[in-house]
1. What is the extension gain from N315 to D33, computed as 0.36 nm multiplied by their sequence separation minus the C-alpha to C-alpha distance, in nm to one decimal?
2. So if the hydrodynamic radius of the range 6-174 is defined as the Kirkwood radius over C-alpha pairs, what does Stokes-Einstein give as its diffusion coefficient at 10 °C and 1.306 mPa s, in µm² per second?
3. Nearest 0.05, what FRET efficiency do L135 and A308 give at R0 = 30 Å with Cβ-Cβ as r?
4. Among R10, R311, R271, which comes first, second and so on when ranked by fewest other beta-carbon atoms within 10 Å?
5. How would you classify the range 52-145 from its alpha-carbon gyration tensor, with a ≥ b ≥ c the square roots of the eigenvalues: rounded for a/c under 1.5, else prolate if a/b is greater than b/c, otherwise oblate?
6. Using 7 Å Cα-to-Cβ label points, what is the R242/Q100 separation (nm, one decimal)?
7. In a shell of Cβ-Cβ distance under 11 Å around G195, excluding G195 itself, what net charge do Lys and Arg (+1) and Asp and Glu (-1) give?
8. Quick one: order T207, T73, T268 by neighbouring beta-carbon count within 10 Å, fewest to most.
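What follows draws every value from the coordinates through simple rules; no lab data is involved. Keep in mind the model is a prediction, meaning the values are calculated, not measured. We place every Cβ from the backbone using ideal geometry, glycine too, and count neighbours over all the protein chains shown.
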Amino acid sequence: MSKPKIMTMRDSFIGTLCDRMATDDSIFFLAADLGAPALDRIRDEFPSRFINVGIAEQNLINVASGLALEGFTVYTYAIAPFITMRAYEQVRVNLAISSQIRPVNVTMLGLGGGVSYQVSGPTHHCLEDLAIMRLLPNISVYCPSDWVTAAALVDQTRSISGPKYIRFDGKALPSFQDRIDIDIMNQGFRELAAGNKVCIISTGYMTHRAVSVAEEIGNVGVIDIFKLKPFDRVRLMETISRYKHVITIEEGFIGGGGLDAAIGSMLTDERSPVTLDRLGFNDSYVFELGSRDYLHGLNNMNNASIAARVRKLDNQ
């Protein structure tokens, strides 16, 4: 078996977007002084549609919303905690509120979701973004788990009007599949493994942990949620209803409005008998330094902890 190709979500997405810019002159790309080789190609090939606003995420959203209100399709790129939390008021007013009145096609790209910037400490960890972006009306929220999904999001975001937020992991990761069908992209999730009693529902980087645990234990379902708002609730409930227990795992604070809240509210609304367990970061910031595995272990969300939870539920 050939070794799976490893790539960053950022490079895959921006490379695909650059290809689209060659035939679509409505696309603008804005960056908050964050460099990458993939950006050099856009800067070189489309200098009139690439803007570096500097380390000014609030102004990044202001400029993007102005271009979008003139009818352009705009992509903004910055470090995840800063494009969401530093610019939250601008996102709320200029994108979420404005888009309810006029078309505003802005896609926010946040690099370094979760603790992929593990050695930079809590200022650069991004554990709140999925919850606070889901809270805003009119904004779609994505959290891909691999570079293939990230690339597919280019055409997805171009075809859907309105503001969008995509959380990119900061590390190069393998892909789970060679391609994703448009029907799967539209429903917002995919079942990567089928199981018996227990299913792990994950998003982003944690899908790699979910798949690893499922392969170790066997007979465990894995559902990858790459679109947290909105997703196809009918199809997702049909999939979840085959199980007795589900466990959500995410690089975010549990009980704060992220993946666990999305699944929990759906199960409550549907009066589902499926039980829900939640794994993620506890209600405190992580100041310890170490690998991603180490930080996950501190919060009982490493492979061993997930496997223990699965086995406990499987015996119930």
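1. Once the chain is fully extended between N315 and D33, it gains 96.4 nm.
2. 102 µm²/s
3. Rounded to the nearest 0.05, the efficiency is 0.40.
4. By the 10 Å Cβ count, ascending: R271, R311, R10.
5. The shape class here is prolate.
6. It works out to 3.9 nm between the two label points.
7. Local net charge: +1.
8. By the 10 Å Cβ count, ascending: T268, T73, T207.
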